[in-house]
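Written below as structure tokens is the structure these notes are about.
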């Protein structure tokens, strides 16, 4: 009986298509990733990076905690707070936060928080820093500002000091408006840090906002007391770099003039 000749199988010859398809898929994913990085949103990138680092037990930025220790080994308790907050090492910031939370912060006279612009140290004006209607630092205020100066000496961030008041007029005839009082108080803190503590004056700026930026509505004495405050803002490195960069200025010409006239000017 004549044996039937078996036809050769072509399945093996087409297996290269699977490898080729995998390679094309990986290349497409690679170029999509490259394109997304070219239009990177830094804020979202930081959130993703923080999530990944915390998940794998790395150093967590800010005050977040991870169930994984710094070694990456699972533990029943969260790992200690590490990393940095707004570009400031937590090792440097921790003593100030603990001092505030255990002392004046427990009395509702101070707090340390984080915002988009940086670390904000809020100090009550008339129950901690100054007497009513005054812009002269009290002895108790100097002790608190000394602690803040210890932190500022260890970092290079720019610092903005902001004075705020409630909606009531100043109690002292020396200051005609809240604008003048808030500015004087911010300047008093700045001068103490620069002239007494010896910090670099180029890092500091002061501003007075009067009563236009309350944290709560001025509907009670308690709320007004909260609004009377001085905020020491440690700006983020990217904010500091932007402020320190040379401004791109150009002259604004009279729009009523012709193009030729503006060029001749």
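Quick check on my filter: what residues within region 164-204 are without any contact (Cβ under 8 Å) to a residue 40 or more places away in the chain, closer than 21 Å to residue 217 by Cβ, outside any loop (DSSP other than H, G, I, E, B) and in contact with a helix residue (DSSP H, G or I) (Cβ under 9 Å, 6 or more places away or on another chain)?
The one that is without any contact (Cβ under 8 Å) to a residue 40 or more places away in the chain, closer than 21 Å to residue 217 by Cβ, outside any loop (DSSP other than H, G, I, E, B) and in contact with a helix residue (DSSP H, G or I) (Cβ under 9 Å, 6 or more places away or on another chain): 182.
Quick grid of which residues meet (1) more than 24 Å from the chain's Cα centre (by Cα); (2) within 21 Å of residue 99 (Cα to Cα); (3) not assigned by TED's automatic domain parsing to the domain that holds residue 99:
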site: 135; (1), (2), (3): yes, no, no
site: 150; (1), (2), (3): no, yes, no
site: 160; (1), (2), (3): no, no, no
site: 168; (1), (2), (3): yes, no, no
site: 215; (1), (2), (3): no, no, no
site: 222; (1), (2), (3): yes, no, no
site: 230; (1), (2), (3): no, yes, no
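Does residue 146 satisfy the condition of being surrounded by fewer than 17 Cβ atoms within 10 Å (Cβ to Cβ) and either touching a helix residue (DSSP H, G or I) at 6+ places or on another chain (Cβ under 6 Å) or in a helix (DSSP H, G or I) (or both)?
Details: surrounded by fewer than 17 Cβ atoms within 10 Å (Cβ to Cβ): yes; either touching a helix residue (DSSP H, G or I) at 6+ places or on another chain (Cβ under 6 Å) or in a helix (DSSP H, G or I) (or both): yes.
Against the criterion (surrounded by fewer than 17 Cβ atoms within 10 Å (Cβ to Cβ) and either touching a helix residue (DSSP H, G or I) at 6+ places or on another chain (Cβ under 6 Å) or in a helix (DSSP H, G or I) (or both)), residue 146 qualifies.
Taking the conditions exactly as written (modelled with pLDDT of 90 or more and surrounded by fewer than 14 Cβ atoms within 10 Å (Cβ to Cβ)), does residue 139 satisfy them or not?
On the way: modelled with pLDDT of 90 or more: yes; surrounded by fewer than 14 Cβ atoms within 10 Å (Cβ to Cβ): yes.
When the stated conditions are applied, residue 139 passes them.
Test residue 124 against the criterion of being touching a helix residue (DSSP H, G or I) at 6+ places or on another chain (Cβ under 6 Å) and modelled with pLDDT of 85 or more, and give yes or no. Quick ask: steps written out before the conclusion?
Values: touching a helix residue (DSSP H, G or I) at 6+ places or on another chain (Cβ under 6 Å): no; modelled with pLDDT of 85 or more: yes.
When the stated conditions are applied, residue 124 does not pass them.
The values are calculated or read from the model by the stated rules, or taken from the named source; none is laboratory data. All values reported here derive from a predicted model rather than from experimental measurement. All Cβ positions, even for glycine, are placed from backbone atoms using ideal geometry, and neighbour counts span all protein chains on display.
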